[in-house]
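The values are calculated or read from the model by the stated rules, or taken from the named source; none is laboratory data. Because the structure is a prediction, the values reported are computed rather than measured. Positions of Cβ are generated from backbone atoms using ideal geometry, with glycine treated the same way; all protein chains shown enter the neighbour counts. Areas reflect the complete protein model, heavy atoms only, side chains present, ligands, DNA and RNA absent. Shrake-Rupley method; radii C 1.70, N 1.55, O 1.52, S 1.80 Å.
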Amino acid sequence: MKLKALINKYNSANLVLRIAISIVVGALLGALLPSQKWISEFGVLFVGALKAVAPVLVFILIICSLATGNSRFDRRFARVIILYLVSTLLASFVALGASLLFPQNLDLAVSADVSVVPTDIYEILHNLLVNAVSNPFASISDANYIGILVWAAFLGFAVKKIASPVTLTVLQDMSNAVSMVVRWIINLAPFGIMGIMYTSVSTNGIGIFKTYGSLILVLVITMLFVALVIVPALVGLVLRHDPYPLVLKCLKSSAVTAFFTRSSAANIPVNMALCKRLGLDREFYSVSIPLGATINMSGAAITITVMALATVHTLGVPVSLTSTLIVCLLATIGACGTSGVAGGSLLLIPLACAPFGISTDIAMQVVAIGFIIGVVQDSMETALNSTTDAIFTATAEYAAWRKQGKPLPKELFHDHKVED
């Protein structure tokens, strides 16, 4: 009976509070007991479980939404895609400004491996097309979200045309069952985050801040500026309301788990649950959230731009307006092609260095530095990427509500209307 009471007390506690406690506990254990590596297994299990269930969840949700839904693709999808792309482009421009105001020097003295780096935009676009038509089972097992989106869409439309009511009921039940499994995993997030925090502290300590503290600071401040200024500005422009209640709610609910899992794909279930709490249309967000995990990459654009321009400054390469604008464009396009997994943006750095005539060998040294600081850089990048998936999905739907005359949620938009 005592165990049941303890479980009930755990389940009734606020998830954010539980996560905050787990962060402190994990950090203390990492500092005091660095040799107890078994603690890190909690993090391995948590991230592994999320990454394993996310592709299945997305595949089933999209099929179910398209097969059972009555709505067609409407302006919400166009609006959310525009928000994804515009925010990514603006993030690259902000990163450009930060790099010019606070130029960084790097220690380029590490080995390079150039065997897996995209060489041009054509290769990135080619890879996207190849991934789109990959074997659907391979796409699920490899977490290839472009392939998952494409095949789930095809199957969803096909099922809608030919399926019987019984089949649709089975699909709905499967979707609910997988969603329930996701909720179970998310409920155990504090234990997983404790393990992740333990691993970060016991393995890396604070050494990276001594060597690359200035670079980390520029990346973090730039990402925070985008999250707290650029993104709210876009939301406010679209909704004509004070954007911060929505933005802060999404940051609170999504950013923490994204920060520690360091994977937009793994955070998809978290964003799905957030969208449900925001009262959004499941048919819409079950497509827009996984799409965002693939093409909404503001954090990746910042990483690519800042690291490329840090390389330029270190080498003393002349910077022209044309070359910097090309870098921003390459960062935007390249970021949209990143894989949604930890460190996915770093391999695009050589591409962004190309307009300055920097060799791939040198650029790959910068990639290695990126992996060194990834405990902070990649965590912040993923938190920004994944949280804005939910923010822009909500913005696109609320904009549709506004046009229909439907009232927006009072807890998010009370008495803060921006004048047209």
Rank-order 395-401, 170-176 by packing density, defined as the average count of other C-beta atoms within 10 Å over each peptide's residues, highest first. 395-401, 170-176
How large is the accessible surface of Phe191 in square angstrom, using a 1.4 angstrom probe and rounding to the nearest 10? 90 Å²
Only helical DSSP H runs with n ≥ 4 go in: add -39500 (n - 2.57) per run for the chain, normalise by residue count and round the 222 nm mean residue ellipticity to 500 deg cm²/dmol. -24000 deg cm²/dmol
Non-local amide H neighbours of His241 (under 5 Å, H modeled in plane, Pro and chain starts lacking H): which ones? Val418
Placing +1 on each Lys and Arg Cβ and -1 on each Asp and Glu Cβ in region 362-415, then taking the dipole about the Cα centre, the residue among Pro409, Gly370, Ser386 whose Cα reaches farthest towards the positive end is Pro409
Based on the alpha-carbon gyration tensor of region 202-281 and its eigenvalue square roots a ≥ b ≥ c, which shape applies: rounded if a/c is under 1.5, prolate if not and a/b is larger than b/c, or oblate? oblate
Classify region 134-210 from the C-alpha gyration tensor, please: rounded if a/c falls under 1.5, else prolate or oblate depending on whether a/b exceeds b/c. oblate
Nothing charged except the Cβ atoms of Lys and Arg (+1) and of Asp and Glu (-1): what's the magnitude of the dipole of the chain about its Cα centre? Round to the nearest 20 debye. 1500 debye
